[in-house]
Amino acid sequence: MFITGASRGIGLAIALRAAREGANIVVAAKTATPNPKLPGTIYSAAEEIEAVGGKALALEVDIRIEEQVREAVEKAVAHFGGIDILVNNASAISLTGTAETSLKRFDLMVGVNLRGTFVCSQACLPHLMKAENPHILTLSPPLNMKAKWFQRHVAYTIAKYGMSMCVLGMAEEFRPLGIGVNALWPRTIIATAALQVIPGAHAERGRTPEIVADAARYILTQDSRATTGNFFIDEEVLAQAGVSDLSGYAMTPGEKLQKDLFLD
């Protein structure tokens, strides 16, 4: 599994869930040295992965830079022998209006979210084509083309929907190759460090990253030829998997849950 942004949050949760079943994980992320504002590095993530039974390769990668991505993919293939799964998890966020969004921030969001997803998918493609049950899973929302999802943060929505458009197009493009391409998005906010930059988000009204990780695990163990082109919602996936009680994922039992963006 080649997972972008796996040093913390949802990416790390997906990695740990797979590692408990003995998966080999490439931790492809930018954070190589500790950040006082954000927990986790590629190396601490690798240690956690190996502590629960997986194998890890920590690679410092800026997914906006094609050369770094391609080098990381080649290192992953050399180390583990191939790539079966790509998880496009890395993302940049700024819920700001047009006047308040600097072009530097705009370029960061488009570069990480849209370009990064495209570059990583393109670089992994030759190796996914050789896999027995190849999947690309992208952490992006359903394409809900309503003005309300653009009006307050048009740049972020464009960048995030760009990831979703990659899913829409690549699912059909790669269908003859047997590669499953799907999106996954949470119904509620997820209590990660990213909430620090989301105005009005209350971690105590969210769920743990493990709900997304468990949903990802279910998707990625399905037949890639029969499971593609879907915009999955975490709790709906778990319902398919036979999980009806989601109370264990709540940060605060009994607290009213706060919906995530882009869902009516």
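Which number in (1) farther than 17 Å from ALA15 by Cβ; (2) buried (at least 21 other Cβ atoms within 10 Å of the Cβ) marks the one condition that CYS124 misses?
(1)
Could you check, for the stretch 177-195, whether at least one of its residues is part of a helix (DSSP H, G or I), farther than 20 Å from ILE10 by Cα and either in contact (Cβ under 8 Å) with a residue 12 or more places away in the chain or touching a His at 6+ places or on another chain (Cβ under 8 Å) (or both)?
Yes; the residues of the stretch 177-195 include at least one that is part of a helix (DSSP H, G or I), farther than 20 Å from ILE10 by Cα and either in contact (Cβ under 8 Å) with a residue 12 or more places away in the chain or touching a His at 6+ places or on another chain (Cβ under 8 Å) (or both).
Quickly run through the stretch 42-93 and pick out the residues that are among the basic types (Lys, Arg) and closer than 22 Å to THR221 by Cβ.
LYS55
Which count do you get for residues in the stretch 31-69 that are modelled with pLDDT under 95 and within 17 Å of the chain's Cα centre (by Cα)?
2
Quick one: how many residues across the stretch 42-85 are free of Cβ contacts under 8 Å to residues at least 24 places away in the same chain and hydroxyl-bearing (Ser, Thr, Tyr)?
Total meeting the criteria: 1.
If you take the residues in the stretch 218-258 that are assigned to a strand (DSSP E or B) and within 18 Å of the chain's Cα centre (by Cα), which one is farthest from ILE85 (Cα to Cα)?
By that ranking, first place goes to ILE233.
Residue-wise test of (1) crowded, with 17+ Cβ neighbours inside 10 Å; (2) out of contact with any helix residue (DSSP H, G or I) (no Cβ under 9 Å at 6 or more places or on another chain).
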| residue | (1), (2) |
| --- | --- |
| VAL181 | yes, no |
| ALA194 | yes, no |
| ALA201 | yes, no |
| GLU204 | no, yes |
| PRO209 | yes, no |
| VAL212 | yes, no |
| ASN230 | yes, no |
| GLU236 | no, no |
| THR252 | no, no |
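When the residues of the stretch 16-41 are narrowed to those that are hydrophobic (A, V, I, L, M, F, W, C) and in contact (Cβ under 8 Å) with a residue 40 or more places away in the chain, which ends up farthest from ARG70 (Cα to Cα)?
Residue satisfying both the conditions and the ranking: LEU38.
Consider only pairs whose beta carbons are under 9 Å apart and that are at least six residues apart or on different chains; among these, list those whose first residue lies in the stretch 199-227 and is under 22 Å from ALA171 (Cα atoms) and without any contact (Cβ under 8 Å) to a residue 24 or more places away in the chain and whose second residue is surrounded by fewer than 17 Cβ atoms within 10 Å (Cβ to Cβ) and of a type in the set (Gly, Ala, Ser).
TYR218/ALA241
Give the number of residues within the stretch 200-217 that are in a helix (DSSP H, G or I), farther than 15 Å from LEU139 by Cα and of a type in the set (Gly, Ala, Ser).
Residues of the stretch 200-217 in a helix (DSSP H, G or I): 203-205, 210-217.
Next, from what is left, pick out any that are farther than 15 Å from LEU139 by Cα: 203-205.
Restricting the remaining residues to those that are of a type in the set (Gly, Ala, Ser) gives 203.
Total satisfying the criteria: 1.
If the Cβ limit is 7 Å and pairs must be 6+ apart or interchain, which residue in the stretch 131-145 that is within 9 Å of LEU220 (Cα to Cα) and in a loop (DSSP other than H, G, I, E, B) pairs with which residue that is polar (S, T, N, Q) and modelled with pLDDT of 95 or more?
ASN133/SER224; PRO134/SER224
For the stretch 2-12, check the following and say yes or no: at least one residue is among the aromatic types (Phe, Trp, Tyr), modelled with pLDDT of 95 or more, farther than 30 Å from GLN151 by Cβ and not in a helix (DSSP H, G or I). Show your work before the answer.
Initially, the stretch 2-12 is screened for residues among the aromatic types (Phe, Trp, Tyr), giving 2.
Now narrow it down to the ones that are modelled with pLDDT of 95 or more: 2.
Still in the running and farther than 30 Å from GLN151 by Cβ: 2.
Next, from what is left, pick out any that are not in a helix (DSSP H, G or I): 2.
So far as the stretch 2-12 goes, yes, one or more of its residues are among the aromatic types (Phe, Trp, Tyr), modelled with pLDDT of 95 or more, farther than 30 Å from GLN151 by Cβ and not in a helix (DSSP H, G or I).
So which residues in the stretch 17-42 are surrounded by 15 or more Cβ atoms within 10 Å (Cβ to Cβ) and under 17 Å from THR192 (Cβ atoms), if there are any at all?
Listed by number, the residues that qualify are ARG17, VAL27, ALA29, LYS30, THR31, LEU38, PRO39, GLY40, THR41, ILE42.
From the list GLU132, GLU47, GLU60, which one is over 15 Å from ALA6 (Cβ atoms) and surrounded by fewer than 19 Cβ atoms within 10 Å (Cβ to Cβ)?
The conditions single out GLU132.
For the stretch 158-176, what are the residues that are without any contact (Cβ under 8 Å) to a residue 60 or more places away in the chain and of a type outside the set (A, V, I, L, M, F, W, C)?
TYR161, GLY162, GLY169, GLU172, GLU173, ARG175, PRO176
Just name the residue that is nearest to SER164 (Cα to Cα) out of those in the stretch 67-123 that are among the acidic types (Asp, Glu) and in a helix (DSSP H, G or I).
Out of the qualifying residues, it is ASP107.
The values are calculated or read from the model by the stated rules, or taken from the named source; none is laboratory data. What you see is a predicted model; the values in this text were computed from it and never measured. Glycine also receives a Cβ, built like all others from the backbone with ideal geometry; neighbour counts cover every protein chain displayed.
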